[in-house]
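Have a look at the structure below before the remarks.
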Amino acid sequence: MAPGSGLWLTGESTWLAVPGRIEELSLPHAADLADVRHAVIADGALTVCSQCVARRDLTETDLPARVGVSTKTVRRWSAVDVAAVTNPHDDDP
């Protein structure tokens, strides 16, 4: 993960920020998800949606100290993001 990168969790993925929950998951042939979460927190930012936290009856005390809770619901899109979404196969012949 590039330094300064971040991951935004919404909906049911909010549970992945709660200690103990991600450790219950295992995906064959994939990196350990707890290690991935740790790397995201160590090198960037892990943010969860405040509405998603509230809908699961969680509070900020249920989350690790370095996990942010944000009231922002709209992501800022860069021109590269928009191009990737609008022209996903632009490099195809």
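The values are calculated or read from the model by the stated rules, or taken from the named source; none is laboratory data. It should be emphasised that the depicted structure is a prediction, and the values quoted were computed from it without experimental measurement. Every residue, glycine as well, gets a Cβ built from its backbone with ideal geometry; the counts of neighbours run over all protein chains shown.
The table below gives the values:
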quantity: Flag if Thr86 is among the polar types (S, T, N, Q), modelled with pLDDT under 85 and surrounded by fewer than 13 Cβ atoms within 10 Å (Cβ to Cβ); calculated: yes
quantity: Complete set of residues in the stretch 24-47 that are charged (D, E, K, R), outside any loop (DSSP other than H, G, I, E, B) and either touching a strand residue (DSSP E or B) at 6+ places or on another chain (Cβ under 6 Å) or over 14 Å from Leu63 (Cα atoms) (or both); calculated: Glu24, Asp35, Asp43
quantity: Flag if Asp43 is modelled with pLDDT of 85 or more and either surrounded by fewer than 15 Cβ atoms within 10 Å (Cβ to Cβ) or among the small types (Gly, Ala, Ser) (or both); calculated: no
quantity: Members of the stretch 1-43 found to be charged (D, E, K, R) and over 12 Å from the mean Cα position of the chain (by Cα), listed by number; calculated: Arg21, Glu23, Glu24, Asp32, Asp35, Asp43
